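> Here you go, one structure.
The values are calculated or read from the model by the stated rules, or taken from the named source; none is laboratory data. Note that the structure is a prediction, hence the values are computed from the model and not measured. Using ideal geometry, Cβ is built from the backbone for each residue, glycine included, and neighbour counts are taken over all protein chains shown. With ligands, DNA and RNA removed, areas are computed over all heavy atoms of the protein, side chains included. Shrake-Rupley method; radii C 1.70, N 1.55, O 1.52, S 1.80 Å.
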Amino acid sequence: LGSGDPRPRHRRYGVAELDRVADVLDASAERIARMLTAERRLAADASHQLRTPLTALSMRLEEITLTDDPETVKEEATIALTQVERLTDVVQRLLTNSRDPQSGSAVTFDLDEVVKQQIEEWRPASRSEGRAIVRSGKQGLRAVGTPGAVSQVLATLIENSLMHGDGTVALRTRVTGNQAVVEVSDEGRGVPADLGSRVFERTVSGRNSTGLGLAVARDLAEADGGRLELLQGYPPVFALFLSRDADQARESREP
């Protein structure tokens, strides 16, 4: 165990006292192995999930360096501060999930605001690629979840569309039953048929990437009581399902 190899040995000696010691050491080895696995998973998740907001923040700061207009600087700096706050929230969520995946911090929030923020953050990246990000669908929705986590899920989907997709990236909000849905799609080749639902598994990737993004995004969604699904492979359509605000859902059902 001290050498860093926590595998249980499963050796027994036929001597009661020695076998009891062996049982305890094997149990300790299994606990250490689980802890190391959790730490390695956290490190992998953090390195991937922090890259997305840091990239967006870097592009925002670059915009500031390229302008002499004080109003533009102020506007871009305000957005950058919002991104830093969201980055802090992402770090906290990753740490919370690694310690206790069941402990949520969901609140009722304005879904329109989160979608708008993500479009604003990713518009410079889309412009640099000669592509557009558009938004459509039902507005005025209030959902239940953690805004920072929802932002990170949408950021992962948008980044995947810009990296692996083609054409316009479209965000569409709609309602189904008591759930609010955000769909993210593009006009690219989509998810290969041989991947299908496996696209959410860790280490599974259609192209040259770590395969962690969608897996971590699904973990974040599920920690809030939501879910992330691939609705259509070609053209690709991913959907984030979130519980709706109870009062708003009830009002929509009333005649």
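> Tell me, which helices (runs of 4 or more DSSP H) lie completely within the stretch 144-255 with 2 or more residues that are in contact with a strand residue (DSSP E or B) (Cβ under 9 Å, 6 or more places away or on another chain) and either over 24 Å from VAL134 (Cα atoms) or modelled with pLDDT under 85 (or both)?
Numbers: elements: 147-164, 213-223, 246-253.
Result: 213-223, 246-253.
> May I ask you to list the residues in the stretch 1-19 that are surrounded by 10 or more Cβ atoms within 10 Å (Cβ to Cβ) and within 46 Å of the chain's Cα centre (by Cα)?
Our first condition is that a residue be surrounded by 10 or more Cβ atoms within 10 Å (Cβ to Cβ); within the stretch 1-19, this holds for 1, 5-9, 11-13, 15, 18-19.
Those that are surrounded by 10 or more Cβ atoms within 10 Å (Cβ to Cβ) and within 46 Å of the chain's Cα centre (by Cα): LEU1, ASP5, PRO6, ARG7, PRO8, ARG9, ARG11, ARG12, ASP19.
> So, of the residues in the stretch 115-174 that are of a type in the set (Val, Ile, Thr) and without any contact (Cβ under 8 Å) to a residue 60 or more places away in the chain, which turns out to be surrounded by the fewest Cβ atoms within 10 Å (Cβ to Cβ)?
The initial filter retains those residues of the stretch 115-174 that are of a type in the set (Val, Ile, Thr), namely 115, 119, 133-134, 144, 146, 150, 153, 156, 158, 168-169, 173.
Within this subset, residues satisfying the condition of being without any contact (Cβ under 8 Å) to a residue 60 or more places away in the chain are 119, 133-134, 158, 168-169.
Working: ILE119: 17, ILE133: 22, VAL134: 11, ILE158: 25, THR168: 14, VAL169: 27.
Restricting to residues being of a type in the set (Val, Ile, Thr) and without any contact (Cβ under 8 Å) to a residue 60 or more places away in the chain, the top hit is VAL134.
> Could you run through the stretch 54-72 and say how many residues are among the β-branched types (Val, Ile, Thr) and open to solvent by 50 Å² or more (accessible area, probe 1.4 Å)?
Going residue by residue through the stretch 54-72, those that are among the β-branched types (Val, Ile, Thr) are 55, 64-65, 67, 72.
Of the ones still in play, those that are also open to solvent by 50 Å² or more (accessible area, probe 1.4 Å) are 55, 65.
Looking only at that region, the number is 2.
> Please go through the stretch 114-137 and pick out each residue that is within 20 Å of the chain's Cα centre (by Cα), farther than 14 Å from MET59 by Cβ and in a strand (DSSP E or B).
Correct list: ARG135 only.
> It is to be established whether one or more residues within the stretch 79-93 are at pLDDT 70 or above, polar (S, T, N, Q) and outside any helix (DSSP H, G or I). Let's see the steps before the verdict.
So in the stretch 79-93, the residues at pLDDT 70 or above come out as 79-89, 91-92.
Subsequent filtering for residues that are polar (S, T, N, Q) retains 82-83, 88, 92.
Subsequent filtering for residues that are outside any helix (DSSP H, G or I) retains none.
Among the residues of the stretch 79-93, not one is at pLDDT 70 or above, polar (S, T, N, Q) and outside any helix (DSSP H, G or I), which makes the answer no.
> Then there's this: Kindly evaluate LEU25 against the criterion of being part of a helix (DSSP H, G or I) and at pLDDT below 80. Give the derivation first.
Values: part of a helix (DSSP H, G or I): yes; at pLDDT below 80: no.
No, not satisfied.
> Filter the stretch 175-189 down to the residues that are open to solvent by 20 Å² or more (accessible area, probe 1.4 Å) and touching a Gly at 6+ places or on another chain (Cβ under 7 Å) and list them by number.
Our first condition is that a residue be open to solvent by 20 Å² or more (accessible area, probe 1.4 Å); within the stretch 175-189, this holds for 175-179, 183, 185, 187, 189.
Across the stretch 175-189, the qualifying residue is only GLU187.
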